[in-house]
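Visitor: Submitted below is the structure of interest, expressed as structure tokens.
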Amino acid sequence: MTETATHTAPADLRSTSRRAELQDKEAKPDSYFNLIAYIGSNAIAGEIMAIENYSEMVPLMPDTESKIEAVKQAHEETKHILMLGSLGRRHDYNMMREIVEPQWFNIRRHFSTAVANKDLASCLIIQDLMTETMAIVLYRTLGREGDSDTSALAARILEDELEHLEIGLKRIQGLLAEDPEGVNESLRWAHHRVMPELFSMVSTSCHSLCDRLNIDCGSLSLGDIKSDIDELRIEALDAYVETLDRAGFDPEVTAPLIESMQSYGGIPTVKLGAAAN
Ligand SMILES: [Fe+2]
Ligand SMILES: [Fe+2]
């Protein structure tokens with residue numbers, strides 16, 4: 001039997017008054033809570049994937065210090081899952097405690113291929129740079145536009161994700177200095193496999209997540225967090241470009257990759273042109 005969602009807290013922790021309070025004071029409709037259940041569940045899936053990625057990467061780490069650091073990163077992702085789960089309980093909506101959407105499994109599969117190839121640069125690019133950048137955009141949005149409780153929680157998680165990105169940037173800068181051509185090739189390999197999957201999730205349409213959460217897929221609207229898909233996709237694109245830039249990749253290498261994102265849909269061509277320059 002498949003587990004659906006979490007509702008395992010003791011009854012005394014399952015306070016619906018927090019939700020009622022938010023609905024009262026911050027005028028949040030039920031549709032808002034459905035949206036947060038959807039986003040939060042997908043975030044938990046990303047966190048589960050991150051734990052697996054960091055753990056699988058440990059044997060490839062070149063020294064004990066970086067092995068310890070990767071395990072610590074994985075441990076921090078476990079805390080994010082628990083924090084998001086407790087948010088769902090406080091606000092009385094379901095949160096998935098397993099990966100549902102297929103994109104996460106696809107990214108995991110590519111990551112495992114990189115591990116099998118002993119391609120540490122691709123692993124770091126997939127997890128520390130690409131996934132963390134998207135996590136930062138997600139938690140930043142929730143921090144900005146969520147209710148006060150969600151927003152405070154997102155801000156705490158965001159701090160960890162920003163630190164994870166910094167760790168990744170340092171690691172990649174080191175590898176780039178040693179072997180620029182090899183790392184550029186790892187970026188190309190990872191980009192074409194992982195970025196379409198990550199970008200396809202900047203969306204409110206899903207494969208089966210809404211069904212599992214018992215919510216109406218068509219009723220989800222990012223208007224409930226004062227945002228829209230185009231805006232979010234542009235923010236995600238900007239963040240990705242900034243990450244590649246900060247990692248020290250040559251614009252000659254990154255420009256064609258950014259251009260290729262036009263085929264992922266939903267990103268205005270004008271914006272892509274500007275990002276690639
Ligand atoms: Fe996380
Ligand atoms: Fe992280």
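Visitor: Pick out the one residue from GLU98, GLU132 that is touching a residue at least 24 places away in the same chain (Cβ under 8 Å), of a type in the set (Asp, Glu) and crowded, with 20+ Cβ neighbours inside 10 Å.
Guide: Result: GLU132 is the single residue among GLU98, GLU132 that is touching a residue at least 24 places away in the same chain (Cβ under 8 Å), of a type in the set (Asp, Glu) and crowded, with 20+ Cβ neighbours inside 10 Å.
Visitor: OK, next. Given the conditions (1) surrounded by 16 or more Cβ atoms within 10 Å (Cβ to Cβ); (2) within 16 Å of ligand 2 (Cβ to nearest atom); (3) within 27 Å of ASN34 (Cα to Cα), and given that LEU82 satisfies all but one, which numbered condition is not satisfied?
Guide: Only one criterion is unmet by LEU82, namely (1).
Visitor: For the stretch 190-200, how many residues are more than 16 Å from ligand 2 (Cβ to nearest atom) and more than 14 Å from ALA114 (Cα to Cα)?
Guide: Qualifying residue count, the stretch 190-200: 5.
Visitor: Within the stretch 152-189, count every residue that is more than 14 Å from ligand 2 (Cβ to nearest atom) and under 16 Å from the mean Cα position of the chain (by Cα).
Guide: 2
Visitor: Across the stretch 106-119, which residue is surrounded by the most Cβ atoms within 10 Å (Cβ to Cβ) among those that are touching a Leu at 6+ places or on another chain (Cβ under 9 Å) and part of a helix (DSSP H, G or I)?
Guide: Here the answer is ALA114.
Each row is one residue, and each column tells you yes or no for (1) within 16 Å of ligand 1 (Cβ to nearest atom); (2) in contact (Cβ under 8 Å) with a residue 24 or more places away in the chain; (3) in contact with a His (Cβ under 6 Å, 6 or more places away or on another chain).
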{"position": "LEU142", "(1), (2), (3)": "yes, yes, no"}
{"position": "GLU145", "(1), (2), (3)": "no, yes, no"}
{"position": "ASP149", "(1), (2), (3)": "no, yes, no"}
{"position": "GLU159", "(1), (2), (3)": "yes, no, no"}
{"position": "ARG171", "(1), (2), (3)": "no, yes, no"}
{"position": "GLY174", "(1), (2), (3)": "no, no, no"}
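Visitor: Just need a number here: residues in the stretch 52-105 that are within 18 Å of LEU120 (Cβ to Cβ) and either within 13 Å of ligand 1 (Cβ to nearest atom) or not in a helix (DSSP H, G or I) (or both).
Guide: Count: 9.
Visitor: In the list ALA50, ALA45, ALA74, ALA27, which residue meets the criterion of being at positive phi and either at pLDDT 95 or above or more than 14 Å from ligand 2 (Cβ to nearest atom) (or both)?
Guide: Result: ALA27 is the single residue among ALA50, ALA45, ALA74, ALA27 that is at positive phi and either at pLDDT 95 or above or more than 14 Å from ligand 2 (Cβ to nearest atom) (or both).
Visitor: Say we look at the stretch 53-71 and pick out the residues that are polar (S, T, N, Q) and either buried (at least 21 other Cβ atoms within 10 Å of the Cβ) or closer than 22 Å to PRO102 by Cβ (or both); which of these is farthest from ligand 2 (Cβ to nearest atom)?
Guide: Only one residue fits best here, namely SER55.
Visitor: Now for a different question. Any residue in the stretch 244-258 that is without any contact (Cβ under 8 Å) to a residue 24 or more places away in the chain and among the small types (Gly, Ala, Ser)?
Guide: yes
Visitor: Pairs only if they're at least six apart or on different chains, beta carbon under 8 angstrom, first in the stretch 193-213 and within 16 Å of LEU237 (Cα to Cα), second acidic (Asp, Glu) and crowded, with 19+ Cβ neighbours inside 10 Å; list them, first residue then second.
Guide: These pairs meet every condition: MET201/GLU101.
Visitor: So if I check each of SER151, SER122, which one is of a type in the set (Gly, Ala, Ser), crowded, with 24+ Cβ neighbours inside 10 Å and modelled with pLDDT of 95 or more?
Guide: SER122
The values are calculated or read from the model by the stated rules, or taken from the named source; none is laboratory data. These numbers were taken from a predicted model, which means no experiment stands behind them. Backbone-built Cβ (ideal geometry, glycine too); neighbour counts: all protein chains shown.
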